[in-house]
1. Based on other C-beta atoms within 10 Å, arrange CYS250, CYS237 from fewest to most.
2. Using only alpha carbon pairs under 8 Å that are at least six residues apart, calculate the relative contact order of the chain and give it in whole percent.
3. Under 5 Å between amide hydrogens, which residues at least 5 positions from ALA499 or on another chain qualify, with H placed 1.01 Å from N in the peptide plane?
4. Can you pull out the chymotrypsin sites (Phe, Trp or Tyr not before Pro) in the stretch 250-292 whose DSSP state is coil and whose Cβ has at most 15 other Cβ atoms within 10 Å?
5. If each residue of separation counts as 0.36 nm, what is the full-extension length gain between THR510 and GLU446 once their alpha-carbon separation is subtracted?
6. Could you line up ILE272, ILE155 from fewest to most neighbouring Cβ atoms inside 10 Å?
7. Between the DSSP loop rule and a limit of at most 13 other Cβ atoms within 10 Å, which GluC sites (Glu not before Pro) in the stretch 581-653 are left?
8. How far, in nm, would the chain grow between LYS29 and THR123 when pulled straight, counting 0.36 nm per residue and subtracting the alpha carbon separation?
Amino acid sequence: MMPKRLILIAIALLLVAALPAQSWRKLKKSADELFEQGNYAAAANTYEQAWQKKQKKTELIFKAGEAYYLIRNYRKAAESYQHVKADNDDYPLVGLKYARSLKQDKQYEKASDAFKSFLDTYTGDGKAILEDVVKVEIEGCEFAKDLPAQANKEIEVLYPGANVNSDAEEFAPFSITSDYMYLSSSMGGKARVYASQRQGNKWSKASIPGNFPVITNGQYSNATLSPDGQRMYFTICNNDGEWDRLNTRCEIFVTKKLGSTWSQPERLPDYINMKGVNTTHPFSVYRAGQEILYFASNREGGRGGLDLWFTTRDLGSESNDYAFPVNLGPSVNTLGDEITPYYDQQEEVLYFSSNGQVSIGGFDIFKSMGDEASWSVPENLGLPFNSGADDYYFTKTSSGHGGFFTSNRVFGGEKTNTTNDDIFEFTIGGRRITLKANAYDKANGEPLRAFTVQLYQVFEDGSENMLIEKDITSGGYLFELLPNRTFRVMILSNGYANAEYQFVTNDPNTYTYGQPLFLEKEEEDVISLDPTEADPTEADPTEADPVEATDPLEVDTPEVEPVEPGVSYTARGTSPRDNKEYITNAPKHSGVYFKIQITAVRKYNPDHKKIKKASDLGRIDTEEISGENLTRVLVGDFFSQDEAINALSDIQSGGNDKAFIVKYEDGIRYGRVNF
């Protein structure tokens, strides 16, 4: 579904397309209304059309430039401003905006000349301050020219894709683990905190965390955790209108961990969240018995716009009794904006973004050594972290091998404009790991003409998650992998026995993994598909809540919920790693009970000898996984651990060595369990 913001823009642009026949006055009136509504893209286009009809009215092209500047369409902004770049008396600082638009479009030579020209011709107030500003901007242009040769080749930047990013604003990534992050998004026009989990080399669809505290008023974003995970800081921001990045006024709140949930959010004291002030971008560290909370604010006492500040509290207290905030000082803070602090305690380095330091774009990411109010001269991180666009919200994963940041940069064919912020991932080491191999007929050594490859990630508890299932009709298979993970490959081909192998991507000198598999032909009646089925996950036995192990003869059979024979119903697994929808006609029981999953096949044959043999132990049930052309085959039901374990042993000794126990609660599948 198209986001609301895009729908409004599309409607506005359709209306704009019908406007050329109107007079410049009517076009201007329409553009003014669009601008007032915050629809800057359509407003810019309409102002431009009005100016084409009345080019003497330079106000029109100036306003087009202003609208393009607001949506960070740097090239169109520069093209508009160039017509009025010398008219600083009529349009204050337009020459500076023109030069900055060129700089952020990476036209560094032209930008440098434009900055110099602006300063030479400017006669307004505050020229001494502007001289300092322009000097830094020109240094940034010169710095950018030499930067490509110095780019850090050990850093690889990745685009997480459409499950994390959208046409709205995505920002404020915070790594909970290497594979799980919080982020903020303005999907729907209002900023909210979301979460996403890595699944192989992809990320899950961003969704609001299930245990996040309920926020009834305002937009909420910029979530971050204290080092022990017991406090979550985030911002609640002005709810008037749509999200407007740094122009949306925010205040910092804290919520405290209560078991598996969070307490009602508490606003930090007034001397931190000062009235009418933007207080945002919290980041917490522990040091010498104190919590240090860094944040950005345009409160009184700063050097420019948004400055970086810190406050402290005693870790021995549960109260919100923070010290009065302290400015990080002139080494870090400038006449511009400093935002999005992240402190790496191992390195003792503060990472932050600034548009007042020497940058190659607008906001660049910098680092400075020190703590509290004593800092070294900031160092620009250079390429590939920084670009001609805005780059901020730098954060590392707990492993230190990578991290995330936010940028509105263009990124190949995956991100084609600079008008919205997206989240990017980076890895340190820059190596791209792949899985590459093929499957063969063991009898003649020839490559198989057709087979299915399944790639699973194997977790520490032994559970698995299927990442990829792909039909191969010619040649081998090639997939991209992530480092320091365990994977299992399964090859399936009709008429052949399955074959598999497992490996760990932990060798820093290995870039390509994989091994050839030679499949043996089977007799016609042998099942030729993966007995473990897609996503056969294990649950923690401590979470399984099984019935107490007793003599099977003494266990009361739970009440059966009637299911009319032959009538199918739809259900969905309830555990986080076994939540697929399935269709079955198996009887339902109240309480906890178990079945043995013996296989999963594309074409179910009840007369197969292995299934027939398993039927001696109980009723055969099937679960057809919705949309996957895969049917689970199970035998049941067993109402104690001992029953299930004994049945599993019998089934495995009968040739189904990859069978496993599945737990059910009140007739619904929970997932695989180990006892």
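Every number in this text was worked out from the coordinates using simple rules, so none of it is lab data. What you see is a predicted model, and the numbers here were worked out from it, not measured in a lab. Don't worry about glycine lacking a Cβ; one is built from the backbone with ideal geometry, like all the others, and counts go over all protein chains shown.
1. On the way: CYS250 27, CYS237 21.
Neighbour counts put them in this order, fewest first: CYS237, CYS250.
2. Values: 1519 pairs, mean separation 53.4, N = 675.
Reported relative contact order: 8 percent.
3. Amide H neighbours of ALA499: ILE491.
4. Details: sites: PHE253, TRP262, TYR271, PHE283, TYR286; in loops: TYR271.
Within the stretch 250-292, the qualifying chymotrypsin sites (Phe, Trp or Tyr not before Pro) (loop, at most 15 other Cβ atoms within 10 Å) are TYR271.
5. Working: separation 64, 0.36 × 64 = 23.04 nm, distance 2.72 nm.
Result for the pair: 20.3 nm of gain on full extension.
6. Details: ILE272 23, ILE155 17.
Exposure proxy ranking, most exposed first: ILE155, ILE272.
7. Numbers: sites: GLU581, GLU623, GLU624, GLU628, GLU643; in loops: GLU628.
Qualifying residues, ordered by number: none.
8. On the way: separation 94, 0.36 × 94 = 33.84 nm, distance 3.23 nm.
Result: 30.6 nm gained on full extension.
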